[in-house]
Amino acid sequence: MLDILLMIVSAGLIVLTLLQSGKSDGISGAFTGNGGLNLFANVKERGSEKVIANLTLVMGILFFVLVIVIRVI
């Protein structure tokens, strides 16, 4: 039962991660160095982006909790 729940949570986590919009220049920006390094830039999600980001966080925490519970049992 927990294994099936873990598979559903992991699939949901993958889908939510793919739904998020990119916040960087991608691989070309890493090689060319364009745009600078904005690790602490004040960028906030709004609307649906915020909901997706929060759901991704919750699903990630749920994933790790399920993995630990399954491993202990």
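Each label point was placed 7 Å from the Cα along the Cα-to-Cβ direction; for residue 55 and residue 19 their separation is 0.2 nm. Spacing of the modelled spin labels on residue 10 and residue 62, each 7 Å from Cα toward Cβ, amounts to 1.6 nm.
3J(HN,Hα) along the stretch 63-73, derived from phi through the Karplus expression 6.51 cos²θ - 1.76 cosθ + 1.60 where θ = phi - 60°, amounts to 4, 5, 5, 5, 4, 5, 5, 5, 5, 6, 6 Hz, with x in place of Gly and Pro.
Laboratory data are not the source of any read-out in this text; all were calculated from the coordinates shown. A quick note: this is a predicted structure, and the numbers were derived from the prediction, not measured. For neighbour counting, all protein chains shown are included, and Cβ atoms are generated from backbone atoms with ideal geometry for every residue, glycine included.
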